[in-house]
């Protein structure tokens, strides 16, 4: 499962996100958030990109993460309730 809805961010993180976007806009930068949550199976798919079956990097340009499943902040649920 991958969640991309910024409204699902924890109530403490939402204003920080808004401030980051505002500051970036002041400098003419565009910041895009792709995901608010990524479960372990989605992290496994992301981690495997650019790697062989043993996990060795075979295509650096295809690697999207250095975090194995269970080791990424994407998998931490910080939602209210």
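Every number in this text was worked out from the coordinates using simple rules, so none of it is lab data. Not measured: the values here are computed from a predicted model. Here the Cβ is made from the backbone with ideal geometry for all residues, glycine too, and neighbour counts use every protein chain on show.
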**Prompt:** Which length gain, in nm to one decimal place, applies between residue 1 and residue 65 when the Cα-Cα distance is subtracted from 0.36 nm times their residue separation?
**Reply:** 21.4 nm
**Fill in**
For the chain, the convex hull over Cα atoms projects on average to an area in nm² of 6.4 nm²
**Asked** Which order do 65, 4, 36 fall in if you start with the one that has the fewest other Cβ atoms within 10 Å?
**Response** 4, 65, 36
**Request:** Only helical DSSP H runs with n ≥ 4 go in: add -39500 (n - 2.57) per run for the chain, normalise by residue count and round the 222 nm mean residue ellipticity to 500 deg cm²/dmol.
**Result:** -8000 deg cm²/dmol
**Prompt:** GNM on the chain, C-alpha springs below 10 Å: top fluctuator among 32, 17, 68?
**Reply:** 32
**Message:** Only Cα pairs within less than 10 Å get springs; with that Gaussian network setup on the chain, which residue of 42, 25, 54 has the largest fluctuation?
**Reply:** 54
**Message:** Between helix 14-26 and the chain, what is the angle of the helix's C-alpha long axis to the longest principal axis, kept within 0 to 90° and rounded to the nearest 10?
**Reply:** 80 degrees
